């Protein structure tokens, strides 16, 4: 069964690009008025989980074996993430500008599939984000605002 899961994982990996071709947006945020987030396809998470499941079953249900295998595959990434876990861009913006950052209501775009959210940082500008849902669009707007604020921050 585990070898079947691994074979499925490779089939899944080869099909990731073709699953949702219209869901990937490549843009240069500094060249556009609004930013749009790129989401990792669900199939990539399925791939990760199926490999972990195969290792778990082959090892006699040992979580230690799964952990040891993933440490070998991506130990450096796990260490880097553990040392400096990233904050949500929405949280980071609201911590940096608690009194001046205000998110607007979401608006559905004409294509019916995406949402746009604006965040106004009083005295600094209005920033727009687009995403598949409100959460993604809000995070994208916050990321765009943070990028602008960090670029304008005076050097000490």
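Every residue, every condition in (1) farther than 25 Å from residue 48 by Cα; (2) in contact with a strand residue (DSSP E or B) (Cβ under 8 Å, 6 or more places away or on another chain), yes or no:
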{"site": "75", "(1), (2)": "no, no"}
{"site": "79", "(1), (2)": "no, no"}
{"site": "86", "(1), (2)": "no, no"}
{"site": "91", "(1), (2)": "yes, no"}
{"site": "103", "(1), (2)": "yes, yes"}
{"site": "112", "(1), (2)": "yes, no"}
{"site": "126", "(1), (2)": "yes, yes"}
{"site": "133", "(1), (2)": "no, yes"}
{"site": "143", "(1), (2)": "yes, yes"}
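Just to check your reading of the model, which residue among 76, 101 is over 23 Å from residue 42 (Cα atoms), over 18 Å from the mean Cα position of the chain (by Cα) and not assigned by TED's automatic domain parsing to the domain that holds residue 50? Walk me through it before giving the result.
On the way: 76 fails: not assigned by TED's automatic domain parsing to the domain that holds residue 50.
From the options 76, 101, the qualifying one is 101.
Take the residues of segment 39-73 that are surrounded by 13 or more Cβ atoms within 10 Å (Cβ to Cβ) and not in a helix (DSSP H, G or I): which is nearest to the chain's Cα centre (by Cα)?
39
Report yes if some residue within segment 131-150 is outside any helix (DSSP H, G or I), in contact with a helix residue (DSSP H, G or I) (Cβ under 8 Å, 6 or more places away or on another chain) and within 25 Å of residue 41 (Cα to Cα); otherwise report no.
Narrowing segment 131-150 to residues outside any helix (DSSP H, G or I): 131-133.
Then drop every residue that is not in contact with a helix residue (DSSP H, G or I) (Cβ under 8 Å, 6 or more places away or on another chain), which leaves 131-132.
Cutting the leftovers down to within 25 Å of residue 41 (Cα to Cα) gives us 131-132.
The answer is yes, given that some residue of segment 131-150 is outside any helix (DSSP H, G or I), in contact with a helix residue (DSSP H, G or I) (Cβ under 8 Å, 6 or more places away or on another chain) and within 25 Å of residue 41 (Cα to Cα).
The values are calculated or read from the model by the stated rules, or taken from the named source; none is laboratory data. Computed from a prediction, not measured in an experiment: that's the story for all the values here. Glycine also receives a Cβ, built like all others from the backbone with ideal geometry; neighbour counts cover every protein chain displayed.
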